[in-house]
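Worksheet: the structure to be examined is printed underneath.
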Amino acid sequence: AWYVPCLASLETLQELCRKENLRCKSIGITNRNLKSYEVEYLCDYKVEEGKEYYLVKWKGWPESSNTWEPQKHLNCPMLLQNFLSDKNEYLSRVRESKGLKVRNHVKALRPAIADYVVKKAKQRIALQRWKEELNRKKNHKAMILVENTVDLEGPPLDFYYINEYKPAPGINVLTGITTGCECADCPAEKCCPKEAGFILAYNKRKKLKIQPGLPIYECNSYCRCGPDCPNRIVQKGTPYSLCIFRTNNGRGWGVKTLQKIKTNSFVMEYVGEVITSEEAERRGQLYDNQGNTYLFDLDYDSDEFTVDAARYGNVSHFVNHSCDPNLQVFNVFIDNLDLRLPRIALFSTRTIKAGEELTFDYQMKGSIDLTSDSADGLSPSKKRIRTVCKCGAVCCRGYLN
């Protein structure tokens, strides 16, 4: 589905709701503040006759309703702290960039400082709403956090969170599996992996024990085993709390783990819109011009389909590339045994510390991301624009593709 953004501003909607006495939680108008005032954020500061005043943006009220209030009237210590922190952050950046000595004690903020403080406040609110939306839509227990201490970038405007593949029109990702194992205690002789001709992918500690390139066959919805079956790992979703954060070296958003991850542990799935390879070729040209890389070839058995996570995806949409990654790609089959449509799972290649960024090698994707040697052999219409790699690894190849 395509979404059309509302053309009316937030202020216009707030004024309309208040005029018509309507509540709308999504734009901040509730029973609590319909007739009352609650501080949403602080916009400016001044000193008059020895008294400190703050310009207040009231929650659910348009900016035209902002008022100057003495500090003693404000019972919002966290918002005051955010205001002072944002102001000091701006002053520190001015000092560093221009080598100027900026006074901290002033009777009024310069317009540039006040503008920055307001933008940071609006960003903080937008990121908080985005975090809440992500956690409403996810289907796993672990939390998703959002953090930006680098710039004023807010949530992506054209990204929609999904938990599983979203097939493009005409593509069926469910083949209607109707059988499962009869094991009372997996794995038995006729458990799902052995029926497919492969070994169980996990050991007794539910850690991966197979080599890259081998498929994972998990028990499915028709199997007799219960949810605690040791062969049900990927289907349960990520068990780790993760944070989408803004990188400080020009790589945009990234993902870091908030918990320690042991070697050979399942971390997350790569999901997105399933499209044909022909459509992927067309979109690839566009993404290359934009400097984006979201196409993941499903080339386990053929190159008929591709996953495009540009507009639809989960946390994996924000995972950056590295030439020395800590995640490895594996093909997984659960309720769909169509070899053309494996699920893509990312497992840890080593122990990953809490707070460490998660990365995988984009060249694991297959033919969509071409090396320079193979690209030279293509017709001009299919040659790709090379994207410079910023992973910083010692073994960095210099380019993402």
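Things to note:
- Residue list for region 343-359, restricted to those being buried (at least 23 other Cβ atoms within 10 Å of the Cβ) and not β-branched (Val, Ile, Thr): Arg343, Ala345, Leu346, Phe347, Leu358
- Among the residues of region 223-260, those that are assigned to a loop (DSSP other than H, G, I, E, B), of a type outside the set (A, V, I, L, M), more than 15 Å from Asp185 (Cα to Cα) and open to solvent by 40 Å² or more (accessible area, probe 1.4 Å) comprise Pro239, Asn248, Asn249, Gly250, Arg251, Gln259, Lys260.
- Check on Val47, surrounded by 10 or more Cβ atoms within 10 Å (Cβ to Cβ), in contact with a Ser or Thr (Cβ under 9 Å, 6 or more places away or on another chain), modelled with pLDDT of 90 or more and assigned to a strand (DSSP E or B): no
- Residue check for Asn314: in the same structural domain as Ala188 (by the TED database), more than 16 Å from Ile144 (Cα to Cα) and out of contact with any helix residue (DSSP H, G or I) (no Cβ under 7 Å at 6 or more places or on another chain): no
- Residue within region 29-39 that is in contact (Cβ under 8 Å) with a residue 40 or more places away in the chain, open to solvent by less than 40 Å² (accessible area, probe 1.4 Å) and out of contact with any Pro (no Cβ under 9 Å at 6 or more places or on another chain) present: yes
- Among the residues listed as Leu34, Leu13, Leu22, Leu42, the single one being in a helix (DSSP H, G or I) and among the hydrophobic types (A, V, I, L, M, F, W, C): Leu13
- Selection count where residues are exposed (fewer than 14 other Cβ atoms within 10 Å of the Cβ) and of a type in the set (Ser, Thr, Tyr), scope region 161-200: 3
The values are calculated or read from the model by the stated rules, or taken from the named source; none is laboratory data. No experiment lies behind these values; they were computed from the predicted model shown. Neighbour counts are summed over all protein chains in view; Cβ atoms, including those assigned to glycine, are modelled from backbone coordinates with ideal geometry. What goes into the accessible areas is simple: the full protein's heavy atoms, side chains included, and nothing from ligands, DNA or RNA. Shrake-Rupley method; radii C 1.70, N 1.55, O 1.52, S 1.80 Å.
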